[in-house]
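Working notes, structure below.
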Amino acid sequence: MADAPRRKLRRLAAAAALVVVLAAAGIGGYGLLEQNYLAPGPARGTVRLKVTQGETLRDAFGQLAGRDALRHPREVELYLRLHRRVQPRVEYGVYDIPARSSPAQIVRMFEEGRVVLDRITAVEGATFAQFLRELEADPDIEHTLRGVSGAAIMADLGAPGEKPEGRFFPSTYIFSPGTSDLTILRMAYDKMSTVLAQVWSERGADLPLASPYQALILASIIEKETGVADERARIAGVFVNRLSRGMPLQSDPTVIYGLGRRYDGKIHTRDLTTDTPYNTYTRSGLPPTPIALPGLPSLLAAVHPAKTRDLYFVATGKGGHHFSRTLAAHDAQLRRYLAQLRLERREAAQRKRGQP
């Protein structure tokens, strides 16, 4: 009977040894998992990966494995379960996975949402149609608005009945590839709404403008009239003076906008005398809508015009304008400007013919 306790002890010792062996194997296995998790990956170059909304970490790993950018994706998942217990979430978007990225580096990119960002610029003075064309030409944007009318777009933005011209703030917008054109338009629309409300709340006194929208219209005209920063407030002063007196604005950019595709690069006499809603030679007051996307400086000029008695301005031909208080002084400046144009054209023609 003395052998029985010894046999029992031997069985216990064997079991203990087996536990030690299994534990060692487990530790070794976990160590190997961790080693592989931290080891550089197989990708020889940058791999662009697109994770769409609803895709899981397993889906992303599957894509990477299929493109030779990740070894043994199931082992990586096992390591994450053992180490973290909770599977990390994946921010959807486009990722540029650098060459030789380890699984640990890839997971960190997913967790931090380090998606590739793109940018698009709505240019000051551009029209809504031009901004739409920029959106349509960007290959990284999801195009949902081709063939959709401006009225339908504004309805989708929650602004039914609003005209789209001028309602989008000119700025650079950052987005991840795959963002829809409507989403970017919503960013620009909301930005203009915020800026316009702020500018209008700080407007000067005694303006002949009844609403923020009228300020937007005037700002768009100022935007198209000059690219010289320190002229904007003075041009605004001229237009405010004319509005206050009931005088037509006589702004060439509004006429050009009203012509649309009929504009051939020149304003003809018939263009100035043919009545349209945008012909500020034949009609007093502001046109019915903005004519472009005005930037912040033009918006500020519209609500803080220079205090001036000027009623006229004409281009100098050198990027700026001459300002006048009377029609006689304005006509004199206009004659000088036209004479300068004729001289420049004659000299250009002579140079073309090779004459000194």
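Any read-out appearing in this document is the output of simple, stated calculations on the displayed coordinates, not a laboratory observation. As the structure is a prediction and not an experimental result, all values here were calculated from the model. Positions of Cβ are backbone-derived with ideal geometry, glycine not excepted, and every protein chain shown enters the neighbour counts.
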Exercise. Count of lysine pairs in the chain with Cα atoms under 23 Å apart, counting only pairs 8 or more residues apart in sequence or on different chains?
Worked result: 9
For this session: Work out the FRET efficiency for Glu91 and Ala197 from their Cβ-Cβ distance, taking R0 = 22 Å, and round it to the nearest 0.05.
Result: 0.10
Exercise. In deg cm²/dmol and to the nearest 500, what is the mean residue ellipticity at 222 nm of the chain if only DSSP H runs of at least 4 residues count, each as -39500 (n - 2.57), divided by the residue total?
Worked result: -16500 deg cm²/dmol
For this session: Return the whole-Å distance between the Cα centroid of the range 149-195 and the Cα centroid of the range 216-264.
Result: 24 Å
Exercise. For Leu327 and Val116, what is the calculated FRET efficiency with R₀ set at 56 Å and r taken between the beta-carbons, to the nearest 0.05?
Worked result: 0.45
For this session: With everything on Cα atoms, drop me the angle between helix 57-66 and the longest principal axis of the chain, reported from 0 to 90° to the nearest 10.
Result: 90 degrees
Seminar exercise, completed: Taking Lys and Arg as +1 and Asp and Glu as -1, residues besides Arg146 with C-beta under 10 Å from its C-beta add up to -2
Problem set entry | Protection proxy ranking of 325-332, 184-191, 235-242, 165-172 - average other beta-carbon atoms within 10 Å, highest first | 235-242, 165-172, 184-191, 325-332
For this session: Output the direction-averaged projected area (hull surface divided by four) of the convex hull of the alpha-carbon atoms of the range 103-260, in nm².
Result: 12.5 nm²
For this session: Would you mind computing the Rg to Rh ratio of the chain from its alpha-carbon coordinates, Kirkwood style for Rh?
Result: 1.31
Exercise. Can you give the net charge of the other residues whose Cβ lies under 11 Å from the Cβ of Gly45, counting K and R as +1 and D and E as -1?
Worked result: +2
Exercise. If you count, for each residue, the other Cβ atoms within 10 Å and average over each peptide, how do 221-228, 39-46 line up from highest to lowest?
Worked result: 221-228, 39-46
Exercise. Dividing the Cα convex hull volume of the range 118-197 by residue count, how many Å³ per residue is that?
Worked result: 82 Å³
